[in-house]
Amino acid sequence: MTILTAVDGETVPSRTVEEGAKLAAAFDVDHVVLHVMPRRVFEDFRESASTSSSRSVTTPAAYGSKGDRPLGGGADGEYSVEDGERHATGIARDVVRGTLDDPEGVILKGRVGEPVEEVLAEADRRNASYLVVGGRKRSPTGKALFGSKTQSILLEADLPVVTVMADR
C-alpha cells in the first residue's frame, strides 16, 4: 500500500504533503511525493540548454525565476528527460523539506510529461491506495476556459482521491 501525493511545487509549506504524510502514518505505508514537470516546460529548458544565447525562458515559479538556467544538462549541452526528472524530483524534495519536520522515509519522484497522465500512471505503477492532490476554488467559467488538472484527476482516477483545497 502506498500514498501518492502530487505537488505543483509552487506552495511551500504544502498542506497536500501534510495530509499525505498523515495518511501514510495512519496506515503505516510508504509516502511518495511526486512532481511532474510539464512537457512544455521541459522543452523550454531543453531549448535553453542547447542554445548559447541568454534567451529568457518563462517558467512557473517552481522552476526558478525567468531566465534561470535549468539544472542538469550533460557535457554535450543537452537537457535530457533524465535531467528533467532529476529537476522535478528536486522540486518535490524542496516542497517536502519545506513542509515536514521529519522528511525521512518520504520517497521522492519526478516525472516529465503531461501532469494528469503522469500522476495517474505513477499511482498505477505504485499500486497506490490513495492519491492526494491540491485544488483551488474556481468559477465555472474559469474551469471551462482553463481546465483543471485536479478535476481531470478526480474524473479519471480509479482509486480514492483526497483533495486538499487551498486557503486562497
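The values are calculated or read from the model by the stated rules, or taken from the named source; none is laboratory data. Everything numeric here is computed off the predicted structure, so don't read it as measured data. Cβ atoms come from the backbone with ideal geometry, glycine included; neighbour counts cover every protein chain shown.
This table checks each residue for (1) farther than 19 Å from L23 by Cα; (2) more than 16 Å from the chain's Cα centre (by Cα); (3) at pLDDT below 95; (4) among the hydrophobic types (A, V, I, L, M, F, W, C).
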site	(1), (2), (3), (4)
D94	yes, no, no, no
G98	no, no, no, no
G105	no, yes, yes, no
G135	no, no, yes, no
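Residues that are at pLDDT below 65 and touching a helix residue (DSSP H, G or I) at 6+ places or on another chain (Cβ under 8 Å) do occur in region 32-55, at least one of them.
Please go through region 1-31 and give me each residue that is among the charged types (D, E, K, R), modelled with pLDDT of 95 or more and in contact with a helix residue (DSSP H, G or I) (Cβ under 8 Å, 6 or more places away or on another chain), ordered by number. Scanning region 1-31 gives a single hit, D30. The selection criterion, being within 11 Å of V32 (Cβ to Cβ) and under 11 Å from the mean Cα position of the chain (by Cα), does not hold for L131. Filtered by the rule that a residue be at pLDDT 65 or above and of a type in the set (V, I, T), region 56-90 gives V81, T89. Out of the residues in region 10-33 that are part of a strand (DSSP E or B) and farther than 10 Å from V96 by Cα, which is nearest to the chain's Cα centre (by Cα)? Filtering first and then ranking leaves V32.
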